[in-house]
Every structure is written in C-alpha cells, then in structure tokens.
Amino acid sequence: MHKEFIESVRDDLRHYAGIVDEGARRVERYCADLAIEIEDKIRNADKYDLSIDKMDSEYSIRKDDFGNQLYYVAEKHAIGELIVGASTTERVPFTDDIKRQVKLYEYLKPTFIRMFDGLQYVDEVWFFEKKHNISLGRIAYLFSDYLIPGMDPIFFYDLGLTFYDWFNSVDKEQNPDRKPTWSPLAFMDLFNQWIMNMEVPVYENRYAEKEEMIGIIGTHFNLNNMTESTIEKNAVRMMIIKDASTLIGMNRAAKRDIQLETYDIKKFGDDISESYAKALDATEIENKKRFVHETLNLENNKPAEIASFLAKLKGEFQFRHTLYGREYLVIREKASEFGLDFIALLDGDDWI
C-alpha cells in the first residue's frame, strides 16, 4: 500500500479521536463550572427576586389520577426546548417553597442555553434536584409533552428503568473528590442511543459540616451523532469499539464486508414517543440489556478471529489480521477520554 494513503487514513482517525477527546474535556469543564454556579445560586438565594405572584400564569400544570402534579414551563428554541419544572409526589408535596426554588433555578436558564450551544454532540443538559424534585434541562427534542406527573428521577434505577444509578454513582461515598464522572456504559436506555452520560454532583454547603448532595447535572454526549459526522462520511471501512469489547458502530463500507451485527435504533423505536414508552417496559429493558451486553459485546460468543482481533487491538496500533476471509491492514487511534478506538481496515481495494 502507498504510505501516503495509509498516513492520510491515520490522519482521519486521529482527527476523529481528537474531536471526541476535546469534546469530552470541554463537557467536563462546562459541567464543573455549572455545578459551582448552581451552588452559588443556592448559597445566595436571598439576593434574588423570588416572588411567585405571576408564576401560575406562566407555568402549565399537569395532573394524574393519583394526586401527583407537574408544574412546568417549556421554552421552545430553534432546536428543542428548555424545560423548568417541579414534579410533586408523596415524597415531595407541592408548596410555595417549591415554587420559590423553581424561581431561583430560572436564573440558570441563560447558562444552560450557552452550554447547549457551545458543546458539540451534546443533545441534553439537565439539572435534577432531588431535594425538591425539580428539573431544569436544555434538550434537542420537543420533550415536554412526554413529561408525566409523579416523575421522580431518584427512583428510576430502583425501578429498573436505567442501566446504571445516576445519583449514587457520584455521591460522596462513590466520588469523594466530587469530580465530573462519565458513565461506564456508552448507552442511554431511556432514549435507545449510544450516549456517554456525564454526572456531576451538586452540593448544598459543599465541604461544610452539614453538606448535602442535593442533585446532579446530567449531560449526554451523543455517539450516534458523532459517528454520523465522522466515520460514516469516510469511504474507507471503519468501526468504533469501546473498551476493546463493545461495538459502537461501523460505517457503510465496513458493514458490507464485516459480518457483525450493529445497533439499529429502529429495533427499539426511533420515534421519541415510542422510544420513551418502551423505556418504561420491563421486557424491553431486558431485551436492550441483552442486546448491548451480549450481542454487541465482541468478547461474548464470537468467532475466534474476533477474539484474536480484540487481543491485537489492546496492544497494537497497526497490524494485519484476517476477518471473514479477507486480510486487512488494521490501523487504530484511541480517544482515551471515552475509551473509544477508531479503527480502519484497509486492503488493496481501498487505494487502487
């Protein structure tokens, strides 16, 4: 093969990996700053106008048959919405104090808008405040119609609705340094997409004797969108693998020759209403878990040539390997922030 062609492919992989690493670091910086800003608002709440006289005319109310209430406002943008709301439950009854807390968090809206606009591949930025069960989010979807009264994010994991525990994964016991923490899995089951989810703890009285973690910032770095704008646009066979085991995706060129099943969002519903409804179904949740942890896990029940391929990936950045009857020159570049390998598979047809 021509060295110039090989180096041009390697440059593409480096570029893709660099985009991801810089994007991940930027998300960490933005979210860490947002946590401090939220804590500052809470600490200095008496400096803000928290009058609630006009709120009922500005906010919508949605109720269910169990006495739960959703009190929210949805601000439409060119892309998606900004949502502020409080969902009252038996755990958190609705009071004027709840309204005043919602009013305080309204002052964060400009920051959420700037964050969303300034972070590439981020499709959601949320603050979930568990003390008063208040949520503030800037998202790329029109999602407010699907919010339900009685929604309480701290119970999602207990009900089996998420693959990992949002709150306990970053509490003081698990995260004593209070750092932004990326989810161990690159899949967001509530939306059926490859997403790296970051959680950042938010404290009241941070480092003081009576400190309390009152919520989290949750941010979605959408790997589906990243894949579409990187390897999918490349004519060379390419794939992305996380932690040398989970197949995130392959581009069209690779799918023609590499006989591995990839994730298809339509398998679980790509319409947001259908996706959200299935996310609350226990059978669908188990189906997704098996598909992500077993079918897409290249260490699980795959041919020997895949096992040897993964073994080489862990230690080499360029090697030859035969997959499904065809020998390739394999080139790899790592995006270390997420543990992603960007991989090109070259044979003579790629450059003749």
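Just so you know, all these numbers are worked out from the coordinates, no wet-lab data involved. Given the structure is predicted, the values throughout are model-derived calculations rather than measurements. For neighbour counting, all protein chains shown are included, and Cβ atoms are generated from backbone atoms with ideal geometry for every residue, glycine included.
Observations on the model:
- Overall form of the chain per C-alpha gyration tensor (a/c, 1.5; a/b vs b/c): prolate
- Angle in degrees between helix 96-106 and the longest Cα principal axis of the chain, rounded to the nearest 10: 40 degrees
- Computed over the chain: relative contact order in percent, which uses C-alpha pairs under 8 Å that are six or more apart: 17 percent
- Prolate/oblate/rounded call for region 21-222, Cα gyration tensor, a/c under 1.5 rounded: rounded
- Taking the longest Cα principal axis of the chain as reference, the axis of helix 3-43 is set at about 10 degrees.
- Order of 50, 247, 345 - criterion: other Cβ atoms within 10 Å of each residue's Cβ, fewest first: 50, 247, 345
- Selected from 153, 169, 59, residue furthest toward positive end of dipole (region 21-222; charges at beta carbon): 59
- Of 27, 296, 308, farthest towards positive along the dipole that unit charges on Lys, Arg, Asp, Glu beta carbons give the chain: 308
- Cα gyration tensor, region 1-62 - rounded (a/c under 1.5), prolate or oblate: prolate
- Charge dipole (Cα centre; +1 on Lys/Arg Cβ, -1 on Asp/Glu Cβ; no other charges) of region 21-222 amounts to roughly 340 debye.
- Principal-axis analysis of the Cα atoms of the chain puts helix 304-313 at an angle of about 70° to the longest axis.
- Here's the list of lysines a cross-link from residue 47 could span, going by alpha-carbon distance under 26 Å and ignoring same-chain residues fewer than 8 apart: 99, 103, 109, 130, 131, 210.
- Student exercise, the chain dipole from Lys, Arg, Asp, Glu Cβ charges, in Debye to nearest 20: 560 debye
- Estimated [θ] at 222 nm from DSSP helical runs (n ≥ 4, -39500 (n - 2.57)) normalised by residues in the chain, nearest 500: -9500 deg cm²/dmol
- Hits among lysines - C-alpha to C-alpha of residue 334 under 17 Å, sequence gap 8 or more where chains match: 242, 312, 314
- Remark: 7, 228, 81 ranked as 7, 228, 81, counting other beta-carbon atoms within 10 Å and listing the fewest first.
- Cα centroid of region 34-67 to Cα centroid of region 96-124, whole Å: 11 Å
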